Amino acid sequence: MKLKIFVGLSSALWWSLLPAPAQETGEVELIRKQLQQANDAFQKAIDEHRKIIDALNKRLETIQPAQGRAGVPPPTPVTSAVPPVAAPSPQPQAWSPSQPISLGKAGSAYMNISFDTLLDAGWSTARDPAAQLNLGDHDPNQRGFTLPNAEIALDGAVDPYFKGFANIVLKLDSQNESSIELEEAFLQSSSLPANLQLKAGQFFAAFGRQNPQHPHQWAFVDSPLILARAFGPEGLRNVGGQLSWLMPLPFFSELSLGVFNGEGATAHSFRNPGEAGRVHGRETLDRTPRGPGDLLFTPRWSTSFDLTDQQTLLAGASAAFGPNDTASHATTQIYGADVYWKWKPARAHGGFPFVSWQTEGLYRRFEAGADAAAAPALPRETLRDYGFYSQVLWGFKTRWVAGLRGEYVDGNNGAFDAEDVFRGQRTRLSPDLTWYPSEFSKLRLQYNYDQGKSFGTDHSVWLQVEFLLGAHGAHKF
Amino acid sequence: MIPQQLFNVQSFTIMKNRLSILVLAAVLGISPALYARLNVVVTTPDLAAIAREIGGAHVEITTLARPAEDPHFVDAKPNFIVKLNKADVIIEGGAELEIGWLPALLDQARNSKLAAGAPGHISCNEGIHLLEVPSTLDRSKGDIHAAGNPHYLIDPLNAKIVAAHLADSFCKLDAAACATYQANLKAFTASIDAKLNGWLQALAPFKGQRIVSYHNSWPYFSERFGVKIDLFMEPKPGIPPTPTHLGEVIQTMKSEKIRVIFVEPFLNRRTAETVARNTGAVVLDVSQFPGGVKNTDGGYVQLLDQLVSSLAKALGGQAR
């Protein structure tokens with residue numbers, strides 16, 4: 001307190017020495033104001049000097065390793081011409097390129113670490129929804145409660161050349177048994193020349209829009225029917241590499257080619273030995289690749305345009321080619337087209353309101369080998385499956401999203417269709433409503449009207465809760 | 001004027017060749033070193049305004065966020081990837097302002113010039129004394145920024161620090177034009193210094209007066225100009241207003257006779273209007289981004305001019 005009075009007095013003295021206009025007017029009010037200002041200025045100056053001293057001390061500590069480097073320019077002091085009157089103008093702390101400023105805790109971690117959990121609760125007219133209705137691995141799988149996805153996501157810069165990503169998923173099956181899977185673990189180059197980018201490891205193939213997305217990014221509680229049919233319960237992901245090229249054009253246009261082993265349940269339509277050693281009723285051979293041509297190839301092209309300042313369109317075409325395990329020379333081809341459109345007004349707050357439309361259509365040609373030993377005997381035949389889903393999301397109010405998804409899947413007749421949950425005509429209509437209490441949690445209510453040739457009509461209602469802990473990397477558009 | 005006869009066939013062929021090389025280069029996306037203009041991509045319009053002042057004719061500036069847009073929630077549009085792919089420099093505010101969208105873009109940009117730590121990646125928060133750095137990270141307190149409040153540029157003294165930072169960085173990237181950058185810095189600093197006194201004086205009569213804001217984006221302005229912008233319509237940062245909380249805000253406004261509510265273009269003006277109707281306060285449209293509200297397209301100094309004068313007017317109106 002005494003110091004403050006002293007400061008005040010000394011500043012007043014200093015002020016009285018200045019030919020300030022206040023003296024001429026002689027207004028007590030003005031002098032008082034100036035006294036206050038001078039007082040503040042002095043206080044601030046002390047604070048600022050303390051900061052400068054701290055910064056210099058810090059610099060002294062960091063200067064030792066920096067000394068070896070030549071050509072480090074000297075710090076440029078920020079010159080601030082101090083206005084002569086009413087001058088609370090502290091010297092801004094000088095910034096210099098050789099002086100990394102520590103920001104305390106922020107950004108001090110080497111990677112983002114997050115833990116995200118999805119919990120579903122609901123009921124279905126189907127006794128066992130997982131047997132027929134919800135084939136996806138992260139879909140609600142039973143009446144009552146399901147915990148289909150608890151995911152640990154890690155990402156960060158490995159070094160100046162690579163970024164690393166990992167997704168470790170834990171899930172509970174209908175018997176409440178935990179299982180763990182290494183969903184993704186890959187590195188991605190950050191400094192290849194010629195607009196190229198390399199990805200290697202275990203990762204989701206860049207096929208269409210939803211396949212590479214993790215369940216917590218989905219707009220509905222379950223995966224689209226056609227994706228579950230073409231790519232299986234877990235989506236198309238495998239060990240391999242991918243090279244992508246950003247075309248040097250004025251608009252976004254990207255070509256990519258993925259090459260994978262194409263093996264196992266996560267390559268459902270390819271070299272997949274199947275559950276109990278069968279795929280579409282056929283006993284499988286555990287094929288090993290005869291040559292590089294027996295690997296799984298996934299080319300993709302995508303492009304994007306800003307239709308207006310507020311509307312963006314992203315469209316793509318994808319394919320996947322590879323052998324399958326039903327015969328020694330059997331192959332599978334999958335083709336897909338996807339489109340995503342989003343409107344967000346210029347003055348959106350927190351990302352709301354918005355309207356988005358997403359549609360994907362897929363066609364699969366699967367050469368199924370003959371299996372004479374099966375009962376009934378299965379001929380060699382080509383299974384053709386196709387389908388699409390189309391969904392509209394309307395973020396009608398901050399943190400509220402209403403969605404509607406319509407789906408249709410069908411295929412040609414196959415010899416094993418009567419018992420095959422992955423085939424046959426099916427339609428599903430799903431309205432849903434999502435509320436985001438914050439960016440890190442959500443509550444979703446969804447109704448499914450399900451109609452299938454093999455099971456008739458079913459109704460399901462699901463409530464989903466999500467929470468996310470920690471720092472999660474930013475998502476793509 | 002070039003005489004017509006100089007335009008002979010030979011030079012025309014050369015011209016044509018050169019033109020086709022240029023066209024080819026443009027098609028292939030190679031930026032020909034015709035003039036050493038730095039291709040600068042800036043995340044927000046306020047930083048862009050200062051970068052323009054410092055870079056002048058030597059830089060070409062592309063701004064990602066639009067003036068009236070919420071800088072925290074810009075869509076990571078694929079075309080931004082193309083812009084970043086071709087850029088020599090990315091200027092960001094840092095301090096987690098763009099954390100929800102810029103990292104995803106940079107990951108896909110395939111441009112090592114913009115790598116973290118490279119001279120072409122400028123984080124303007126470096127060298128700024130950030131306010132409200134949380135001592136503990138706890139999301140039950142709302143959407144807090146671990147690095148501190150990122151809306152620092154609205155303090156003109158921080159603008160000077162950022163300007164100096166940019167001039168330094170531009171010098172490193174384009175030594176040939178360094179003198180121009182430093183001269184532009186001097187001019188910009190002088191323009192702030194010339195105005196600062198006036199701004200301070202315009203708001204001096206209102207020292208300590210409270211102002212309501214939708215979001216806590218004004219602590220640097222408060223600190224510099226002595227007004228108190230510490231009552232928010234959001235109960236916690238990033239959490240939308242609740243009726244209970246608004247009731248409390250209205251109560252406080254009535255008892256303390258608070259008469260001004262700040263609303264930024266991307267925030268819910270209707271909520272502010274409702275509160276204003278209940279309290280007799282004025283809703284003041286303000287922006288931290290040049291072009292965000294009327295008469296601010298001219299750049300940083302004009303933005304501050306508009307902000308200070310409209311605030312002084314609104315606060316002065318209550319005395320009557």
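Read-outs throughout are calculated quantities, based only on the coordinates presented, and are distinct from any laboratory measurement. Since the model is a prediction, treat every value here as computed from it, not as a measurement. Here the Cβ positions follow ideal geometry from the backbone for every residue, glycine too, while neighbour counts run over all protein chains shown.
Figures for the structure shown
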{"item": "Only Lys, Arg (+1) and Asp, Glu (-1) charged, at Cβ; chain B dipole about Cα centre in debye", "result": "640"}
{"item": "For region B:57-113: rounded, prolate or oblate by the Cα gyration tensor [a/c cutoff 1.5]", "result": "oblate"}
{"item": "About the Cα centre, charge dipole magnitude for region A:153-198 (Lys/Arg +1, Asp/Glu -1 at Cβ), debye", "result": "220"}
{"item": "Calculated FRET efficiency for the pair B:LEU131/A:TYR447, C-beta based, R₀ 41 Å, to 0.05", "result": "0.30"}
{"item": "Cysteines in chain B that, by Cβ-Cβ distance, have no pairing candidate under 4.7 Å", "result": "B:CYS124"}
{"item": "Whole-number percent relative contact order across chain B, with pairs defined as alpha carbons under 8 Å at least 6 apart", "result": "15"}
{"item": "Spatially proximal aspartates and glutamates relative to A:LYS51 (Cα-Cα < 15 Å; intrachain offsets below 8 disregarded)", "result": "B:GLU126"}
{"item": "Cross-link reach list, lysines versus A:LYS442, counting only Cα pairs under 16 Å and skipping chain neighbours closer than eight places", "result": "A:LYS397"}
{"item": "Members of B:LYS141/B:LYS254; B:LYS141/B:LYS228; A:LYS342/A:LYS453 lying beyond 28 Å, as alpha-carbon distances in this model show", "result": "A:LYS342/A:LYS453"}
{"item": "Nearest-0.05 FRET efficiency for A:ALA346 and A:LEU196, computed from C-beta distance (R0 41 Å)", "result": "0.75"}
{"item": "Lys/Arg +1, Asp/Glu -1 at C-beta; region B:126-264 dipole; positive extreme among B:ALA167, B:THR244, B:PRO150", "result": "B:THR244"}
{"item": "Shape call, chain B: gyration tensor on alpha carbons, a/c limit 1.5", "result": "prolate"}
{"item": "Per-selection metrics, region A:349-436 (Cα): Rg and Dmax in Å", "result": "19.5, 63"}
{"item": "Global geometry of region A:301-455, whether rounded, prolate or oblate, following the gyration tensor of its Cα atoms and the 1.5 cut on a/c", "result": "prolate"}
{"item": "Contact order relative to length of region B:84-138, as percent, for alpha carbon pairs under 8 angstrom and 6 or more apart", "result": "43"}
{"item": "Rel. contact order, % - alpha carbon contacts under 8 angstrom, at least six apart, region A:293-393", "result": "21"}
{"item": "Relative exposure of A:TYR335, B:TYR220, A:TYR161, B:TYR214, judged by other C-beta atoms within 10 Å (fewest first)", "result": "A:TYR161, A:TYR335, B:TYR214, B:TYR220"}
